[in-house]
1. Just for helices (runs of 4 or more DSSP H) wholly inside region 52-117: which have at least 2 residues that are under 18 Å from Lys208 (Cβ atoms)?
2. What are the residue pairs meeting all of these: first residue in region 178-192, first residue outside the structural domain of Trp114 (by TED's automatic domain parsing) and under 18 Å from Pro93 (Cα atoms), second residue at pLDDT 90 or above and part of a loop (DSSP other than H, G, I, E, B), Cβ atoms under 8 Å, and 6 or more apart or on different chains?
3. Just give me the residues in region 29-65 being within 15 Å of Ile167 (Cβ to Cβ), exposed (fewer than 15 other Cβ atoms within 10 Å of the Cβ) and either among the aliphatic types (A, V, I, L, M) or at pLDDT below 85 (or both), in sequence order.
4. For region 46-68, what are the residues that are without any contact (Cβ under 8 Å) to a residue 60 or more places away in the chain and more than 15 Å from Ile176 (Cβ to Cβ)?
5. Could you tell me which residue of region 115-143 is modelled with the highest pLDDT, considering only residues that are out of contact with any helix residue (DSSP H, G or I) (no Cβ under 9 Å at 6 or more places or on another chain) and closer than 23 Å to Ser54 by Cα?
6. Kindly establish whether Leu103 is in contact (Cβ under 8 Å) with a residue 60 or more places away in the chain and assigned by TED's automatic domain parsing to the domain that holds Tyr144.
7. Answer yes or no as to whether Lys211 is over 16 Å from Lys99 (Cα atoms), at pLDDT 80 or above and part of a helix (DSSP H, G or I).
Amino acid sequence: MCIIDFIRNHPTDCIIAIAASIQAGFAFALWMVTKKVDQSNKSMNMITEYYSLSKTRDSFWDFLTMLYGRFKKIEYDQAANVIKYKICSDGYPDPDPFKVHSLLAHIRKNESKWEQLSIWQFAKSIVSSELLEYQSEPHVRHVYESFEKLVGFWNKWCIVLDFSKSIEPDIAELIILSWIELAFVSANEDKVKSGEQPFLKLARDRYKHFKSNNPYNAL
């Protein structure tokens with residue numbers, strides 16, 4: 001039976017089928033529009049939160065620069081000129097801590113193998129017992145609060161970042177946050193914490209892209 005004969009013999013069925021197809025098409029189109037609007041709203045919320053952390057980010061780097069100057073025994077201005085450059089040249093932890101069952105076990109197994117010994121020692125100095133004794137002081141306490149806010153932001157929004165081109169993460173920020181996270185786990189001997197934090201994956205992936213397109217990897 002040809003299609004024309006079928007339509008002639010079953011007009012009602014054909015109308016119902018056509019109506020169902022149109023309805024399904026509209027439903028799919030509406031779902032796509034809703035999804036796009038939802039992604040756009042999430043992207044705008046992410047951007048708003050990102051810029052709301054500008055002062056937090058600035059004070060975080062200001063304190064890190066002061067500590068780096070103390071760590072390297074150089075003046076603040078000199079430290080400010082080199083800190084991000086050195087962080088990027090040392091790079092993301094290798095072996096990769098993302099998705100390991102225990103970050104502490106990973107650290108104990110691999111810290112002697114890390115070629116980035118300088119940045120690891122710096123990260124540990126940030127959470128050293130000597131510094132922790134002064135965490136009641138506002139400027140010291142603030143760096144830990146800033147660290148938690150920045151890590152929280154990237155853990156919350158890094159998936160949204162996949163379809164938003166409005167923010168280009170500071171690779172130095174992601175790298176140093178990764179090292180400080182490991183330093184906190186090591187200092188606290190946190191045997192429970194795993195490497196399942198999304199920001200570690202974001203830092204790893206962005207560093208790989210950065211390294212393949214940047215002369216830092218030639219240092």
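The values are calculated or read from the model by the stated rules, or taken from the named source; none is laboratory data. Since the structure is predicted, the reported quantities are computational estimates derived from the model, not experimental observations. Counting neighbours? That spans all protein chains shown, and the Cβs are built from the backbone with ideal geometry, glycine included.
1. Result: 76-90.
2. none
3. Of everything in region 29-65, those that are within 15 Å of Ile167 (Cβ to Cβ), exposed (fewer than 15 other Cβ atoms within 10 Å of the Cβ) and either among the aliphatic types (A, V, I, L, M) or at pLDDT below 85 (or both) turn out to be Gln39, Ser40, Met44.
4. Within region 46-68, Thr48, Tyr51, Ser52, Ser54, Lys55 qualify.
5. Among residues in region 115-143 that are out of contact with any helix residue (DSSP H, G or I) (no Cβ under 9 Å at 6 or more places or on another chain) and closer than 23 Å to Ser54 by Cα, the one modelled with the highest pLDDT is Arg141.
6. Taking the combined requirement at face value, the residue satisfies it.
7. yes
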